[in-house]
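Data first, discussion second: the structure below is written as structure tokens.
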Amino acid sequence: MPELINRFEVHKRLINMIDEAKSQLIFISPYIKLHDAYKNVLQKRVNDDELEVIVVFGKNEEDKHKSLSNEDFAFFKQFQNVTIKYCKRLHAKIYANDSHSLFASMNLHSFSADNNIEAGILCKFRLLKSIVGLGSIITELTGASLDQQVYHFSYEIIDKYSKTVFEKKPVYKEIFFTKEFLRSDVIIDCNDDYEIGDLKFGYCIRTGTKIPFNVKKPYCAEAYKSWSKYGNVNYMEKFCHYSGEPSNGETGLIRL
């Protein structure tokens, strides 16, 4: 039966879903900045070729790195079986593994996990048989229809509304009735927007407004005028120069 979860329980349940995943993890979120707790659990599975990871992010078409940080994009690329997709109009937040799905208000963002009061519906799949591919779904389910609706809607976003920007798939050698993992090959890599060295624009670390990307000059003119009154290089500001995301006082001239 679907379960309503709220407040910080959404964050806790998502950690459990990541930890308990056997063969599949789905992250659908407009904004992604991985919480350390998620990274710590995910790191254990980076070399697991049997785990399929699907990531869908969205919103900022002009500055996609604001929706998915460079650091997290690089982190997901480490997985052996991973697909990263971009959905321009994405606003839904859905997370799933082999047995559960979580339809939630929370972005996959560290600030949301630590500060926001969130809510979500947790569904448990009771599978008789499940064969899932990125291009097709053949699934027999029993239980509440909401389970099936959430799962199929997730794949509608993945297959119909999203564009693949990175895909890496495992290659196997078949040995009689078994298979041996050889390597993972990159199939698609359209990640030019994530090369920091090519960024033309950054964000003022005090106001969050768009400015030329320059780690030596991370302030807009107005903010620099204000900062220069004291010239304190140790003063911590509000926004990330790379992505424009809230930095919660962790960004400054000495720490970009």
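The values are calculated or read from the model by the stated rules, or taken from the named source; none is laboratory data. Predicted model only: the values in this text are computed from it and were never measured. Backbone-built Cβ (ideal geometry, glycine too); neighbour counts: all protein chains shown.
Quick check on region 27-40. Is at least one of its residues touching a Cys at 6+ places or on another chain (Cβ under 7 Å) and of a type in the set (A, V, I, L, M)?
Here is the first cut: in region 27-40, the ones touching a Cys at 6+ places or on another chain (Cβ under 7 Å) are none.
Checked region 27-40: no residue is touching a Cys at 6+ places or on another chain (Cβ under 7 Å) and of a type in the set (A, V, I, L, M).
Return yes when Lys85 is under 22 Å from Val165 (Cβ atoms), modelled with pLDDT under 95 and crowded, with 22+ Cβ neighbours inside 10 Å and no when it is not.
Working: under 22 Å from Val165 (Cβ atoms): yes; modelled with pLDDT under 95: yes; crowded, with 22+ Cβ neighbours inside 10 Å: yes.
The answer is yes for Lys85.
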Considering residues that are surrounded by fewer than 17 Cβ atoms within 10 Å (Cβ to Cβ) and among the β-branched types (Val, Ile, Thr), the number found within region 208-231 is 2
Lone qualifier among Val56, Val41, Val82 - being of a type outside the set (Phe, Trp, Tyr) and over 22 Å from His11 (Cα atoms) = Val82
Looking at Val56, Val10, Val46, which is the one that is in a loop (DSSP other than H, G, I, E, B) and either in the same structural domain as Ile158 (by TED's automatic domain parsing) or acidic (Asp, Glu) (or both)?
-> Val46
Could you please find all residues in region 212-256 being closer than 22 Å to Asn115 by Cβ, modelled with pLDDT of 85 or more and among the charged types (D, E, K, R)?
-> Glu237, Lys238
Could you pull out the residue among Asp114, Asp72 that is out of contact with any Leu (no Cβ under 6 Å at 6 or more places or on another chain) and not in a strand (DSSP E or B)?
-> Asp114
Taking region 18-43 and keeping residues over 10 Å from the mean Cα position of the chain (by Cα), under 17 Å from Phe103 (Cα atoms) and in a loop (DSSP other than H, G, I, E, B) leaves Ala21
